[in-house]
Amino acid sequence: MFNLHRTNNNPWDFQKDISGCGLSGLINKDGKRVSGEVIIKSIKTQHDRGNGLGGGFAAYGIYPDFKDHYAVHVMCETKEALNEFENFLKDVTIIDQQERIPTRAGTAITNAPLLMRYFVKPNTEIDNPLFDKGMSDDDFMVRMVMKDVNIAATMALQALSPTGRELGLRAGANIIMPNVTDLAYRRGYQLYQNKPGLDENAVEQRINLEQSIEALGEKVCYGEWGDSLHFKKRQKG
């Protein structure tokens, strides 16, 4: 890993290592909503070690009036892009409420993007190649939002079921990782209990994995770069 340092706009009298990241969280055990100022204040304490690449928020229970809906937050640079997204959303979901996301006015941002939120339910009756018949609502929404990204069927799924990774592929994952740890050391690297395949060598596991994937009607792609289609589209501009 390279250590990168800011050389501009640095008010501190030292080189700032921006390779780190921070995590902060809180929960109200009474189920009450908490002011966003609380989490913002906690994030400020991590400013000196932040990587300078921005941050994100994950929040639960902030829309009690729409607890049975999915909240889709969108940021668009142009009205045309927003209209295109809304047309797509109307095709694949049932929109019960839509509104602009309130923001605090500031002078630092001169060309603010359009921020919208939509409270939706999946329209599982549609005929759309993005979605499989019988797919759960959660999987439906994941496929809608991340239709061209890499989703890993991780080894952790095997701890839930011997065919956990295959079930992950059926749910929409498109990346799978074989266990290539040498048999002599494999039992010392059990991150999860009840993990199968501890006695299979790398060749045996590859063959078994290929067969189980082919049984799903899929195939293993060898010799291809692992970047997601989403990343490739960005690179093409």
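Okay, here's what the table says:
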{"item": "Residue exposure sequence - GLU200, GLU125 - by fewest surrounding Cβ within 10 Å", "result": "GLU125, GLU200"}
{"item": "Trypsin sites (Lys or Arg not before Pro) lying in DSSP loop within region 136-230, provided at most 14 other Cβ fall within 10 Å", "result": "LYS147, LYS219"}
{"item": "Point-charge dipole on Cβ atoms (K/R +1, D/E -1) for the chain, about Cα centre, debye to 20", "result": "860"}
{"item": "Among beta bridges that DSSP assigns inside the chain, antiparallel share in %, nearest 5", "result": "90"}
{"item": "Relative contact order of the chain, defined on C-alpha pairs under 8 angstrom at six or more residues apart (%)", "result": "12"}
{"item": "Cα gyration tensor shape for region 63-145, rounded if a/c is under 1.5, else prolate or oblate", "result": "prolate"}
{"item": "FRET efficiency, ASN28 to ASN150 (Cβ-Cβ, R0 45 Å, nearest 0.05)", "result": "0.85"}
{"item": "Per-pair calculated FRET efficiency, R0 = 25 Å: GLU37 and ARG100 via Cβ, rounded to 0.05", "result": "0.75"}
{"item": "Leading residue at positive end of dipole, the chain (Cβ point charges), from ASN83, TRP225, VAL180", "result": "ASN83"}
{"item": "Cα-Cα over 29 Å, subset of LYS44/LYS236; LYS41/LYS147; LYS29/LYS147; LYS90/LYS232; LYS79/LYS121; LYS67/LYS147", "result": "LYS44/LYS236; LYS41/LYS147; LYS29/LYS147"}
{"item": "Neighbour-count ranking [beta-carbon atoms within 10 angstrom, fewest first] of ASP138, ASP132, ASP65", "result": "ASP65, ASP138, ASP132"}
{"item": "Ranking of TYR118, TYR189, TYR60 by count of other Cβ atoms within 10 Å, fewest first", "result": "TYR60, TYR189, TYR118"}
{"item": "Rounded, prolate or oblate (a/c below 1.5 giving rounded, otherwise prolate when a/b exceeds b/c) for the chain by Cα gyration tensor", "result": "oblate"}
{"item": "Cβ charges +1 (Lys, Arg) and -1 (Asp, Glu), total dipole of region 74-155, debye", "result": "360"}
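Every number here is computed from the coordinates shown, using simple stated rules; none is lab data. Note that the structure is a prediction, hence the values are computed from the model and not measured. So basically every Cβ, Gly included, is an ideal-geometry build from the backbone, and we count neighbours across all protein chains shown.
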